[in-house]
Amino acid sequence: MKILITGANGLLGQKIVKRCLQHNIPFVATSKGANRNPDCPETHYRELDITVTKEVGALFIAEKPTAIIHTAAITNVDYCEQHSEECFLVNTFATMVLWEAAKLIGAHFQLVSTDFVFDGEKGNYKETDPVGPLSIYARSKVEAENVLLKDANTNWSIARTIIVYGTGNNLSRSNLVLWALDALPKGEAMKLVNDQFRAPTWAEDLAYGCIEIVLRKQTGIFHLSGPETFAVDELVRKIADFLNISEPPITTISSAELNQPAKRPPRTGFDLSKAYDLLDYRPKTFEESLHLLKAELELTGL
Ligand SMILES: NC(=O)c1ccc[n+]([C@@H]2O[C@H](COP(=O)([O-])OP(=O)(O)OC[C@H]3O[C@@H](n4cnc5c(N)ncnc54)[C@H](OP(=O)(O)O)[C@@H]3O)[C@@H](O)[C@H]2O)c1
């Protein structure tokens, strides 16, 4: 067993590295540019820009991983809407290149995907529900999924997730929960939508699920998120409650008023039955994870 992680400098990538180290799972961490995670030993890190095809092939042959967990992506949905060529290059084309390389060495390939593949009309989505992407980012992920779904070789898995939160070292982007934990005590005014419903996902739970798929030699699509679905404004109010802030300066607005470049699905959230049954996936409640997150922030000063 040897897991190759792409996007190891990102939030999920760092949590997968952490879990591999904790459980003595052999791994090689790769990301674009230098290692920005001081918790990842340099001996386990290789630079890899996944859009450079010949680098992918050379690294796979040198490292001979038995499984790839592909977390790297352009994850800024509005950036993707305005840079579609770059978005499809990184999120779709590179997935195809990695999958072809994985097949050549007989390795399992896991793509980390998103709730945004759905149109958000139904909510509580099962793995078998039809997709309906609303944005360039969502289409880039659907097309990446299709690379796997249409292949006769089934040695792949897709782990779809929803708003991921947690701490990380030198992350290139923050996440909603960390941002709110920082902004609320400062009394910063916030405009939040009340018509987008999401199941926030504790990054450590997601890392467990992704690795467990590989360890249990599972294939196919898995939905991995937190167990509760909230409106975005409700989610931040829960954080305010947790911090004992009684009247947070939150203005509730609609998605139409917010008018972001990329269209978002109104209601996602996942049916987690398959992950419960096949992976023993038991994600923390939002409140449980806030306690852990607070303790971690106090300990590390991140
Ligand atoms: N975060 C969410 O709320 C969320 C929700 C649903 C699905 N997902 C999916 O979950 C996965 C992990 O998300 P995350 O939150 O960990 O994202 P993240 O923190 O943005 O990490 C993505 C990583 O990919 C790296 N990357 C970008 N382009 C690359 C390239 N050409 N070659 C190599 N690495 C490259 C980035 O490098 P730099 O750090 O150097 O930019 C970053 O470290 C993604 O596939 C995302 O689509 C995330």
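The values are calculated or read from the model by the stated rules, or taken from the named source; none is laboratory data. What you are looking at is a predicted structure, and each value in this text was computed from that prediction instead of being measured. Ideal geometry is used to build each Cβ from the backbone, glycine not excepted, and the neighbour counts take in all protein chains shown.
Summary table
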| read-out | value |
| --- | --- |
| Selection status of Gly209, closer than 19 Å to Leu11 by Cα and in a loop (DSSP other than H, G, I, E, B) | no |
| Cβ-Cβ under 8 Å pairs, at least 6 apart or on other chains, the range 254-274 side touching a residue at least 40 places away in the same chain (Cβ under 8 Å) and of a type in the set (A, V, I, L, M, F, W, C), far side part of a strand (DSSP E or B) and crowded, with 16+ Cβ neighbours inside 10 Å | Leu258/Val193; Phe270/Tyr125; Phe270/Arg160; Phe270/His223; Leu272/His223 |
| Those strands (runs of 3 or more DSSP E) lying entirely in the range 39-154 with at least 1 residues in contact (Cβ under 8 Å) with a residue 40 or more places away in the chain, more than 15 Å from the ligand (Cβ to nearest atom) and under 25 Å from Ala8 (Cβ atoms) | 67-70, 108-114 |
| Close pairs (6 angstrom Cβ cut-off, 6 or more residues apart or separate chains): closer than 14 Å to Asp233 by Cβ in the range 167-187, part of a loop (DSSP other than H, G, I, E, B) and away from the ligand (no atom under 12 Å from the Cβ) anywhere | Leu184/Leu243; Leu184/Ile245; Leu184/Pro248 |
| Residue in the range 230-269 that is surrounded by the fewest Cβ atoms within 10 Å (Cβ to Cβ), counting only those that are in a loop (DSSP other than H, G, I, E, B) and touching a Lys or Arg at 6+ places or on another chain (Cβ under 8 Å) | Pro248 |
| Residue among Thr161, Thr201 that is within 14 Å of the ligand (Cβ to nearest atom), touching a Gly at 6+ places or on another chain (Cβ under 7 Å) and among the β-branched types (Val, Ile, Thr) | Thr201 |
| Criterion: at pLDDT 95 or above and buried (at least 23 other Cβ atoms within 10 Å of the Cβ) - qualifying residue of Arg139, Arg160 | Arg160 |
| Given (1) over 21 Å from the mean Cα position of the chain (by Cα); (2) among the hydrophobic types (A, V, I, L, M, F, W, C); (3) surrounded by 17 or more Cβ atoms within 10 Å (Cβ to Cβ); (4) not in a helix (DSSP H, G or I), index of the condition Met1 fails | (3) |
| In the range 74-87, the residues that are hydrophobic (A, V, I, L, M, F, W, C) and in contact with a Lys or Arg (Cβ under 8 Å, 6 or more places away or on another chain) | Val77 |
| Residue pairs meeting the criteria (Cβ under 8 Å; at least 6 apart or on separate chains; first of a type in the set (Lys, Arg), in the range 1-21; second away from the ligand (no atom under 14 Å from the Cβ) and part of a strand (DSSP E or B)) | Lys2/Phe27; Lys2/Ala67 |
| In the range 17-38, the residues that are within 12 Å of the ligand (Cβ to nearest atom) and part of a helix (DSSP H, G or I) | Val17 |
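Condition check ((1) charged (D, E, K, R); (2) under 30 Å from Lys2 (Cβ atoms)) across all residues:
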residue: His108; (1), (2): no, yes
residue: Lys122; (1), (2): yes, no
residue: Ser135; (1), (2): no, no
residue: Val147; (1), (2): no, yes
residue: Val177; (1), (2): no, no
residue: Ala180; (1), (2): no, no
residue: Pro185; (1), (2): no, no
